[in-house]
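Visitor: The following block contains the structure, expressed as structure tokens.
The values are calculated or read from the model by the stated rules, or taken from the named source; none is laboratory data. Since this is a predicted model, take the numbers as computed values, not measurements. So basically every Cβ, Gly included, is an ideal-geometry build from the backbone, and we count neighbours across all protein chains shown.
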Amino acid sequence: MRPTQLDKARIRELEEIGTRSDTRDVLARATMQAKRDYDDYFVVDIDAHVSEDHFWGEVIELIDNEYLRDLGQSQLRSFAGNNALLNIVPGLSHQSVGGRITHQGRREPDVPQGEHPFVVAAQRSMDAMGLDYQIVFPSAMLLLGMHPQDEVEVALARAFNRWTVERILPMDERLKAFVYLPFNTPEACEALVAQYADAKDVIGFTVCSTRNNAIHADCYARLYAMIEESGKPLAFHSGYHWGDPSFAQLNRFATMHALSFTHYNQIHVSNWLFNAMPERFPKLKMLWVESGLAWIPFLMQRLDHEVLMRPSEAPGMKRLPSEYMAEMWYTSQPMERTNMELLEATMKVMKAETQLLYSSDWPHWDWDAPSVITTLPFLSDQAKRNILGLNAARLFNLDIKPKKPRADAVLATRPGRS
Amino acid sequence: MTKANTPPRQVSIGTYEGLRTKERVVLDIDGQSVGVYFLGDEIRAWHNTCPHSGGPVCQGKTVARTLQAVDAATGKSPGLTLDRSSRMIVCPWHGFEFDLLTGIHAVDTKTRLRPVPVAVVDGDVVLTLG
Ligand code: FES
């Protein structure tokens, strides 16, 4: 049979996705998924990231300590570049898998004159994924808890918070943020909570979990009381640290990454429970970010098992650890989903229908589109709506009036490109 | 994305000689997105939808397959190496890697790309679309 020669106008070539691709092109399939499955859902992304290294000069400029600002600016101009004052190790940052995954660290092209490149990239990602709100966290600063100089963590935290709250958030009402707490210095955290407790676009406070602080220590009691009083949640955002002696045994980024993101939050939850913190700060809303979900039933079972045999080590607890854990909140990404039976059981024990919050982690390499929730076969429509946005609306007091453009309108802005 | 209830049809996308100089071309043909690959004398076409999360799998990079070198006599491994004779299609969304010729994932043989029949007819590259 002779083939039909189609009109050439109906065949168009699609471009390779690379480091200079427009976010709307990278995420066009997510826009199509939104159109198909969840265009009318209210969607909140609890954990997206600023590639702050691209704007690091703007943050360094806001350091209020003159000596550290001068040091940072000098490093920025020389060998440290966009990693000035930071403790990340560029040679060990294999997130792109040798350049195979290009969206982390990508620079947004075609930014209109006068607009901020980060805000433009965030807006494009929100529109493309069908998000009503996006909550932004830093990236390179996730490791700052391991910085040997506490005063650097404090200075960068103060500068980054100012950059986010004063410069970025006012540019788009759909963008919200947690205030970064330099947890190695409790008094500085207290000052930041006092400063930002009533800030409109600050929806909570965050501690980067990658650190060796015992979070139940009495030096944090006043801080927790202040956050509890503010009514805003406290989020522990996990991360990795290849320099940790245990993880230094692992010779692949994948294994180190898989274990360390769950490791730090497991330690912090364990300390939180065995020291009876939920009883001591009963109104403090605890949120655990970016450890996926599989660790939750593991830790519930493990701690329940131990406390039953050793109750004298946890006399402040009035219920099983798993019961406290089922009252905390968790973000979804990176959601392990190679075994649907295990995922379904996990969601059941953690009470996902009310406690789980969708997060994308965009633009990081292991991000999740909202379709990871909408395509789950065992969730009801209401459970999907809760996880994708309504649980977040309740936790953060967000107005659930739709804020996003319809998927059709987003796709129409990029005809023929993706 | 295959449209349900559409009878298969053959579509010429250009001459073999013109296209084979590229390793890969990704086309949208009336809303169906297909990646067509040329490796040596072989041609393959795959639906541009990743089995992982529906990402645009054919719009990522193609790379050499990574191997773990192992000395058969001692069981020792000098580490990872690249097999430059084979090519892998990398999904740009999260990095799933598929063999360009078989469409099979580098580790999990159950995870595969969906093929599109492709042939050279009278010097033209012809796809059969569902
Ligand atoms: S969608 Fe292809 S790797 Fe995830």
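Visitor: Identify all residues within the range B:85-130 that are within 16 Å of the ligand (Cβ to nearest atom), among the β-branched types (Val, Ile, Thr) and either more than 16 Å from the chain's Cα centre (by Cα) or within 13 Å of chain A (Cβ to nearest Cβ) (or both); write none if there are none.
Guide: Matches in the range B:85-130: B:Ile89, B:Val90, B:Val107, B:Thr111.
Visitor: Kindly indicate which of A:Glu344, A:Glu353, A:Glu313, A:Glu336 is of a type in the set (D, E, K, R) and under 23 Å from A:Ile215 (Cβ atoms). Break it down stepwise before answering.
Guide: Values: A:Glu344 fails: under 23 Å from A:Ile215 (Cβ atoms); A:Glu353 fails: under 23 Å from A:Ile215 (Cβ atoms); A:Glu336 fails: under 23 Å from A:Ile215 (Cβ atoms).
One residue alone meets the criteria, A:Glu313.
Visitor: Please work out which residue is nearest to B:Arg24 (Cα to Cα), limiting yourself to the range B:95-109 and to residues that are among the β-branched types (Val, Ile, Thr) and in a loop (DSSP other than H, G, I, E, B). Spell out how you get there, then give the answer.
Guide: We begin by selecting, within the range B:95-109, every residue among the β-branched types (Val, Ile, Thr); these are B:102, B:104, B:107, B:109.
With the extra rule that they be in a loop (DSSP other than H, G, I, E, B), the set shrinks to B:102, B:107, B:109.
Numbers: B:Thr102: 15, B:Val107: 23, B:Thr109: 23 Å.
Going through the qualifying residues, I end up with B:Thr102.
Visitor: Let me ask another. Name the single residue that is nearest to B:Leu101 (Cα to Cα) among those in the range B:40-63 being away from chain A (no Cβ under 11 Å) and under 10 Å from the mean Cα position of the chain (by Cα).
Guide: Applying the first criterion (away from chain A (no Cβ under 11 Å)) to the range B:40-63 yields B:40-47, B:51.
Next, only the ones that are under 10 Å from the mean Cα position of the chain (by Cα) stay: B:43-47.
Values: B:Ile43: 8, B:Arg44: 6, B:Ala45: 9, B:Trp46: 10, B:His47: 13 Å.
Residue satisfying both the conditions and the ranking: B:Arg44.
Visitor: For the range B:24-34, indicate whether the set of residues that are of a type outside the set (S, T, N, Q) and more than 13 Å from chain A (Cβ to nearest Cβ) is non-empty.
Guide: Restricting attention to the range B:24-34, the residues satisfying the condition of being of a type outside the set (S, T, N, Q) are B:24-31, B:34.
Remaining after also requiring more than 13 Å from chain A (Cβ to nearest Cβ): none.
No, because not a single residue in the range B:24-34 is of a type outside the set (S, T, N, Q) and more than 13 Å from chain A (Cβ to nearest Cβ).
Visitor: With the requirement that a residue be of a type in the set (Ser, Thr, Tyr) and touching a strand residue (DSSP E or B) at 6+ places or on another chain (Cβ under 9 Å), what does the range A:88-126 give you? First the steps, then the outcome.
Guide: Filtering the range A:88-126 down to residues of a type in the set (Ser, Thr, Tyr) leaves A:93, A:96, A:102, A:125.
Within the range A:88-126, just A:Ser125 meets the criteria.
Visitor: Right, next: Condition check: more than 30 Å from A:Asn397 (Cα to Cα) and in contact with a helix residue (DSSP H, G or I) (Cβ under 6 Å, 6 or more places away or on another chain). Does A:Val179 satisfy that?
Guide: Answer is no for this residue.
Visitor: Something else now. For the subset of the range B:64-84 comprising residues that are among the hydrophobic types (A, V, I, L, M, F, W, C) and either within 16 Å of the ligand (Cβ to nearest atom) or within 11 Å of chain A (Cβ to nearest Cβ) (or both), which member is farthest from B:Gln32 (Cα to Cα)?
Guide: Of all residues in the range B:64-84, those among the hydrophobic types (A, V, I, L, M, F, W, C) come to B:64, B:67, B:69-70, B:72-73, B:80, B:82.
Retained after the next criterion (residues that are either within 16 Å of the ligand (Cβ to nearest atom) or within 11 Å of chain A (Cβ to nearest Cβ) (or both)): B:64, B:80, B:82.
Details: B:Ala64: 27, B:Leu80: 37, B:Leu82: 33 Å.
Filtering the range B:64-84 for residues that are among the hydrophobic types (A, V, I, L, M, F, W, C) and either within 16 Å of the ligand (Cβ to nearest atom) or within 11 Å of chain A (Cβ to nearest Cβ) (or both), the one farthest from B:Gln32 (Cα to Cα) comes out as B:Leu80.
Visitor: When the range A:398-418 is examined, which residues are found to be free of Cβ contacts under 8 Å to residues at least 24 places away in the same chain and either closer than 21 Å to A:Glu173 by Cα or among the hydroxyl-bearing types (Ser, Thr, Tyr) (or both)?
Guide: Residues of the range A:398-418 free of Cβ contacts under 8 Å to residues at least 24 places away in the same chain: A:399, A:401, A:409, A:412, A:415.
Selection gives A:Asp399, A:Lys401, A:Ala409.
Visitor: Right, next: With the condition kept exactly as written, say whether any residue in the range B:27-41 is modelled with pLDDT of 95 or more, away from the ligand (no atom under 16 Å from the Cβ) and touching a Pro at 6+ places or on another chain (Cβ under 9 Å).
Guide: Taking every residue of the range B:27-41 in turn, none turns out to be modelled with pLDDT of 95 or more, away from the ligand (no atom under 16 Å from the Cβ) and touching a Pro at 6+ places or on another chain (Cβ under 9 Å).
Visitor: Related question: Would you point out the residue of the range A:370-394, among those that are in a loop (DSSP other than H, G, I, E, B) and within 14 Å of chain B (Cβ to nearest Cβ), that is surrounded by the most Cβ atoms within 10 Å (Cβ to Cβ)?
Guide: Filtering the range A:370-394 down to residues in a loop (DSSP other than H, G, I, E, B) leaves A:370, A:375-380.
Retained after the next criterion (residues that are within 14 Å of chain B (Cβ to nearest Cβ)): A:370, A:375-376.
Details: A:Pro370: 25, A:Thr375: 15, A:Leu376: 18.
Step by step, filter the range A:370-394, then rank; the result is A:Pro370.
Visitor: So is B:Arg84 surrounded by 12 or more Cβ atoms within 10 Å (Cβ to Cβ) and basic (Lys, Arg) or not?
Guide: Numbers: surrounded by 12 or more Cβ atoms within 10 Å (Cβ to Cβ): no; basic (Lys, Arg): yes.
It is false that B:Arg84 is surrounded by 12 or more Cβ atoms within 10 Å (Cβ to Cβ) and basic (Lys, Arg).
Visitor: For a quick check of your reading: which helices (runs of 4 or more DSSP H) sit entirely within the range A:13-122 and have at least 2 residues that are away from chain B (no Cβ under 14 Å)?
Guide: Values: elements: A:23-26, A:28-33, A:56-60, A:66-77.
So the answer is A:56-60, A:66-77.
Visitor: Report yes if A:Val136 is within 18 Å of the chain's Cα centre (by Cα), surrounded by fewer than 24 Cβ atoms within 10 Å (Cβ to Cβ) and not in a helix (DSSP H, G or I), otherwise no. If you could, list the steps in order and put the result at the bottom.
Guide: On the way: within 18 Å of the chain's Cα centre (by Cα): yes; surrounded by fewer than 24 Cβ atoms within 10 Å (Cβ to Cβ): yes; not in a helix (DSSP H, G or I): yes.
Here the answer is yes, as A:Val136 does meet what is asked.
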